[in-house]
Amino acid sequence: MKKWYCLRIIVLILSLNCFAQKSTKDYVTLSGKITDKNSDSLLVFKNRTPLKKINVKKDGTFSDTLSVKEGYYGLFDGKEQGFFYLKNGYNLKITFDTKQWDETMTCKGEGAIPNNYLFKKALYTEKATADKSIFKLEKDEFITKIDEIVAGYQKLIAETKGLDASFIAFEKKDFEEFRKSCVARYNKTTNLKKHQEEILPKGKVSPKFFNYENFDGSKTSLDDFKGKFVYIDLWATWCGPCKKEIPFLKTVEKEFHNQNIVFVSISTDRVKDHDKWKKMVGDLQLTGVQLFANGDTSFEAAYEVSGIPRFILIDPQGNIVDPNAPRPSDEGLKKWLKEAGVH
């Protein structure tokens, strides 16, 4: 009798184990609500490869599932994107306001702990990497600054309770990749700067552009600004980093209004996107002088522009001050302009 009883217990335990294994979800559930949505869908992607489109209802709510391999994934709402850590079995309830994506993003449910950590990490990264002038430091000083940022990451993850070992391993690897990419960027920037100083030294007559279409309907050339410093922004409507500089550029323009400097933004968009450029300038109420290159790449080529946004400062005589000037978001830009002679 005891043997039969023991056998039944064993069978019951095995059955419960099998049921538990079968009931484990082999997919992620993503649901939530978006305030002031940018589109009618959310795109889930990994390494720039689209994986699934999730429909967003009129009231901003959404819900869907997808099977994933554990790791980092992106979520694009039509204008902005955020990054999440997904694992089969997670049931994430996400809410955010598109006007303040990182600041308002919250997660609840299974998988919330690592993802709420990632949102805090994103805000820390934005603040810690805001000062681009660190790329002008000597290498030892630069490495020290990057190590301080990485130490901040390590402190943040140590303070977050409830993270599993696999996620922590992913993050520590990401910290190392961040450090490597920063050093690689520093080396590239330093080499580029040395090259530019050789071919576009300070004081050399600047390459010129001629008769670019002005948003006001006129034609504008670089020589039209003789007598003033010219701070040039090379950008495009499709360029996310370019658009993030716009609020900072507006602030700088306002502070230096009526001084001996003109702010010139040159759209490098393709000719077919002319109307898109015109609409964006109007919709965003862009200030300064807004020009359209209309397919002419000669000015870009002369300055060896390999990526945008790119900022250039030219003096009142039409000579180069810096072929790779600080960005508007650079906290040191205003002081740098004044030291250059802007008043």
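The values are calculated or read from the model by the stated rules, or taken from the named source; none is laboratory data. Everything numeric here is computed off the predicted structure, so don't read it as measured data. Note that each Cβ is placed from the backbone with ideal geometry, even for glycine, and that neighbours are counted across all protein chains shown. Ligands, DNA and RNA are stripped out before the accessible areas are found, and what is left, the full protein with its side chains, is counted by its heavy atoms. Shrake-Rupley method; radii C 1.70, N 1.55, O 1.52, S 1.80 Å.
Selection of region 50-69 for residues being within 22 Å of Glu110 (Cα to Cα), open to solvent by 60 Å² or more (accessible area, probe 1.4 Å) and not charged (D, E, K, R) yields Leu51, Asn55, Ser63, Ser67.
Filter region 163-207 down to the residues that are more than 24 Å from the chain's Cα centre (by Cα), over 21 Å from Val305 (Cα atoms) and among the acidic types (Asp, Glu) and list them by number. Within region 163-207, just Asp164 meets the criteria. Just one of the listed residues (Lys161, Lys172) is in contact with a helix residue (DSSP H, G or I) (Cβ under 9 Å, 6 or more places away or on another chain), in a loop (DSSP other than H, G, I, E, B), modelled with pLDDT of 90 or more and open to solvent by 70 Å² or more (accessible area, probe 1.4 Å), namely Lys161. The residues of region 98-112 that are surrounded by 15 or more Cβ atoms within 10 Å (Cβ to Cβ), touching an Asp or Glu at 6+ places or on another chain (Cβ under 9 Å) and not in a loop (DSSP other than H, G, I, E, B), listed by number, are Thr98, Trp101, Asp102. When Lys276, Lys272, Lys250 are checked against the criterion of being over 15 Å from Glu300 (Cα atoms), in the same structural domain as Gln317 (by the TED database), more than 23 Å from the chain's Cα centre (by Cα) and of a type in the set (Lys, Arg), a single residue qualifies: Lys272. When residues in region 223-242 are screened for being open to solvent by less than 10 Å² (accessible area, probe 1.4 Å) and part of a loop (DSSP other than H, G, I, E, B), 3 of them pass. Restricting region 205-222 to residues that are part of a loop (DSSP other than H, G, I, E, B) and open to solvent by 40 Å² or more (accessible area, probe 1.4 Å), the residue that is nearest to Pro323 (Cα to Cα) is Lys208. Which ones in region 244-270 are open to solvent by 80 Å² or more (accessible area, probe 1.4 Å) and closer than 22 Å to Phe209 by Cβ? The answer is Arg270, and nothing else. Among residues of region 70-80 being open to solvent by 40 Å² or more (accessible area, probe 1.4 Å) and at pLDDT 90 or above, the one that is nearest to Trp238 (Cα to Cα) is Phe76.
If the condition is being open to solvent by 40 Å² or more (accessible area, probe 1.4 Å) and not in a helix (DSSP H, G or I), then region 177-204 contributes Pro201, Lys202, Gly203, Lys204.
Residues in region 294-319 that are open to solvent by less than 50 Å² (accessible area, probe 1.4 Å), under 25 Å from the mean Cα position of the chain (by Cα) and touching a residue at least 12 places away in the same chain (Cβ under 8 Å): Glu300, Tyr303, Val305, Ile308, Pro309, Arg310, Phe311, Ile312, Leu313. Of the residues Ile246, Ile308, the single one that is outside any helix (DSSP H, G or I) and β-branched (Val, Ile, Thr) is Ile308.
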